[in-house]
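Q: What follows is a single structure, and I will ask about it in a moment.
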Amino acid sequence: MASFYGTETYAIDHKGRISVPASMRRAGAAKKVADTFYLVAGFEGCLALYTPDEWRRVEERLRQIPMGDRRGRAFSRAFLMDATKVSVDAQGRVAIPPALMGRAGLGKEAVLLRPG
């Protein structure tokens, strides 16, 4: 996941959509524009938005958790429970599913950390 510097507040519309800043949509070293992301519940009531490349690395790390590790299985279940693939619309927004809105306690605004 990228490093983040600074914060900005963004509105969440009545359909649960939030604008993804252009800087976050430019993925990887080639700076190609990302049109899909993976959205999951993070820690301390936050949500995390991953590019497909970042998400592949997350999945690889999850696969390394031994199946016999009860705490590891519990973590994987909690982490992936409401994970969803989201698409960026023509206006640069993604829809936050209701389950994730609830887990993060979001209403009409969200604070985004800017990638650095």
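The values are calculated or read from the model by the stated rules, or taken from the named source; none is laboratory data. Just so you know, these numbers come straight off a predicted model, no measurement behind them. Glycine gets a Cβ as well: all are built from the backbone with ideal geometry, and neighbour counts include every protein chain shown. Accessible surface areas use protein heavy atoms only, side chains included; no ligands, DNA or RNA. Shrake-Rupley method; radii C 1.70, N 1.55, O 1.52, S 1.80 Å.
Q: Which residue is most open to solvent (accessible area, probe 1.4 Å), if the candidates are limited to segment 74-94 and must be over 11 Å from the mean Cα position of the chain (by Cα), over 14 Å from residue 42 (Cβ atoms) and touching a residue at least 12 places away in the same chain (Cβ under 8 Å)?
A: Result: 91.
Q: Further question on the same structure: Please count how many residues of segment 76-116 are of a type outside the set (D, E, K, R) and not in a helix (DSSP H, G or I).
A: Keep residues of segment 76-116 that are of a type outside the set (D, E, K, R), which gives 76, 78-81, 83-84, 86-88, 90-92, 94-102, 104-107, 110-113, 115-116.
Narrowing the set further to residues that are not in a helix (DSSP H, G or I) leaves 81, 83-84, 86-88, 90-92, 94-97, 105-107, 110-113, 115-116.
Number satisfying all stated conditions: 22.
Q: Further question on the same structure: State all residues of segment 38-54 that are under 15 Å from residue 16 (Cα atoms) and either in a helix (DSSP H, G or I) or open to solvent by 40 Å² or more (accessible area, probe 1.4 Å) (or both); if no residue qualifies, say none.
A: 47
Q: Between residues in segment 56-71 that are in a helix (DSSP H, G or I) and residues that are open to solvent by less than 70 Å² (accessible area, probe 1.4 Å), which pairs lie under 8 Å by C-beta distance while being six or more apart or on different chains?
A: Every condition considered, the pairs that remain are 58/38; 58/50; 62/76; 62/79.
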